[in-house]
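Values in this text are rule-based calculations from the coordinates and carry no lab data. On a predicted model such as this, the values are computed, not experimentally measured, just so you know. With ideal geometry, Cβ positions are generated from the backbone for all residues, glycine too; neighbour counts draw on all protein chains shown.
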Amino acid sequence: MTLDIPTIDKKVDTRSPRLWMPKRVVFTPKALDEPYGQQLYQRLENLDLPIEKLKSNRITGVRGENERQTYATAKRTLAVVTAPPSAFKLRPIPPSADWQYHLAEGCPAHCQYCYLAGSLSGPPLVRVFANLPSILENTVQYEQPGKTTSYEASCYTDPLGIEHLTGSLAESIRHFGTRENARLRWVTKYDQVDQLLNLPHNGHTRCRISLNAEPIARRLEGGTASVHARLQALRKLALPQTHGGGGYPIGVVLAPIMPIPDWQKHYCELFDRLEEALNFDCNLTFELITHRFTPGSKDVLLQWYPNTSLDLDETRRDTKRNKFGGTKFILPKREMQALRSFITTELSSRFPQAKQLYWT
Ligand code: SF4
């Protein structure tokens, strides 16, 4: 069968962010004991990055005199470490997937609403796990015969944002490509997908791109790829390999959805561009996530981004409690309903084949 896939208008801004190159790379002794850690060492050395071999397994020298300095120093630091034994006891991650595992923790981008604030403790450096082969092997015991088990790899990192340094996402995609009943899911705000297009994924990996209305992406998502570049990346991931793409199942994570002024217009513009980028048949899903924060994440975000224009006013929010007694501030019910009804209706009419997996 030949596919007639229209090309798309290239006259728009397609800027990508510069690839993140850390100013400091440290390896712990335990990481260097791992064969995969040695591979990472070679890879980073070939990139001419300044590498320190630490004497102990504790990472030091990432704290500055205040939180801003600590943030700046940590965000320029890549540490290659081994994931602790607790990483081998997987935790569920509903509604996104059955289980989460981590190939790294931390992210080089600067989103002012960052999901990692308050969920990862300590300075926000990027830690890459040198025992990834054991971590992947460990996921196998969570598979169940006769059932498909899904694994989320991007709870604590943006795996594509560091892929040029690690290759750990490709390693994961290859692993899940060999597992009949297991599926990998990951999400990114970066666009350098070329190195993933020819991997033997076997249709077992769903690559998702996080998108948002243009003013939100421009104002709040520092260091990430432009919305247009992300749309191009999504197109490449989905195009059949015979057409130079990756032939992956794909997804859009629309997050965090916010009722900015003229939100109907801005979200419609985004959906127009998405339709243009995906003007061929593809296996597409949507995940729809509204903005929320906790007292803890607000504290951390205000230390990292003291001048943020992000709306973190609790008095304009509804409160939701989780089963452990924690508090989340979510959009007020009326706004939530208006957004939900508008966005889900628009997406259903524009992408009738695509499943909307959840709204939260
Ligand atoms: Fe945080 Fe995700 Fe932005 Fe990275 S891309 S800074 S993890 S919100």
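Tabulated values for the structure
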read-out	value
Positive minus negative residues near Tyr151 (Lys, Arg vs Asp, Glu; Cβ under 9 Å)	0
Computed helical MRE - 222 nm, the chain, DSSP H runs ≥ 4 contributing -39500 (n - 2.57), nearest 500	-9000 deg cm²/dmol
Gyration tensor (alpha-carbon) shape descriptor, segment 107-248, a/c threshold 1.5	oblate
Within straight-line cross-link reach of Lys147, aspartates and glutamates at Cα separation under 17 Å, skipping those fewer than 8 residues along the same chain	Asp98, Glu180
Of Gly61, Gln38, Thr285, farthest towards positive along the dipole that unit charges on Lys, Arg, Asp, Glu beta carbons give the chain	Gly61
In Hz, Karplus ³J(HN,Hα) per residue of segment 98-114 (6.51, -1.76, 1.60; θ = phi - 60°; x = Gly, Pro)	5, 9, 10, 9, 10, 9, 6, 9, x, 8, x, 7, 9, 6, 6, 10, 2
Hz values of 3J(HN,Hα) by residue in segment 18-33 - Karplus curve (6.51, -1.76, 1.60), Gly and Pro given as x	5, 4, 6, 10, x, 7, 9, 10, 10, 10, 7, x, 5, 5, 6, 6
Cβ-defined net charge surrounding Trp359, 10 Å radius [Lys, Arg +1; Asp, Glu -1]	0
Highest-fluctuation residue, Pro17, Pro29, Pro84 considered, GNM on the chain with Cα pairs under 10 Å	Pro84
Sites Arg68 and Phe280 - FRET efficiency at Förster radius 30 Å, r taken between beta-carbons, to 0.05	0.05
When segment 254-317 is reduced to its Cα atoms, the Kirkwood hydrodynamic radius in Å	14.4 Å
With 10 Å bins from 0: P(r) over segment 21-188, alpha-carbon pairs, percent	10, 39, 35, 14, 2, 0
Under 5 Å, built H, 5+ apart or other chain: amide partners of Val253	Ile209, Ser210, Leu211, Glu287
Ranked list, fewest to most other Cβ atoms within 10 Å of each Cβ, for Phe129, Phe351, Phe286	Phe351, Phe286, Phe129
Gyration tensor over alpha-carbon atoms, the chain, equivalent ellipsoid semi-axes in Å	30, 27, 20
Net charge dipole size for segment 21-188 [Lys, Arg +1 and Asp, Glu -1 on Cβ; Debye, nearest 20]	320 debye
For the chain, with +1 on Lys and Arg beta carbons and -1 on Asp and Glu, the positive-most of Gln356, Pro261, Ser86 along the dipole	Ser86
Cα-Cα over 19 Å, subset of Lys30/Lys53; Lys30/Lys189; Lys89/Lys355; Lys189/Lys298; Lys75/Lys189	Lys30/Lys189; Lys89/Lys355; Lys189/Lys298
The chain, relative contact order [Cα under 8 Å, separation at least 6], %	15 percent
Under-5 Å amide H pairs with Thr290, H placed in peptide plane, nonlocal only	Ile257, Thr360
Under 5 Å, built H, 5+ apart or other chain: amide partners of Ala182	Thr149
Calculated from backbone phi, Karplus (6.51, -1.76, 1.60) coupling profile of segment 229-246 in Hz, x at Gly/Pro	4, 5, 5, 5, 5, 5, 4, 4, 4, 8, 4, x, 4, 5, 10, x, x, x
Burial order of peptide ranges 340-347, 36-43 (average beta-carbon count within 10 Å, highest first)	36-43, 340-347
Cβ-defined net charge surrounding Thr178, 13 Å radius [Lys, Arg +1; Asp, Glu -1]	-1
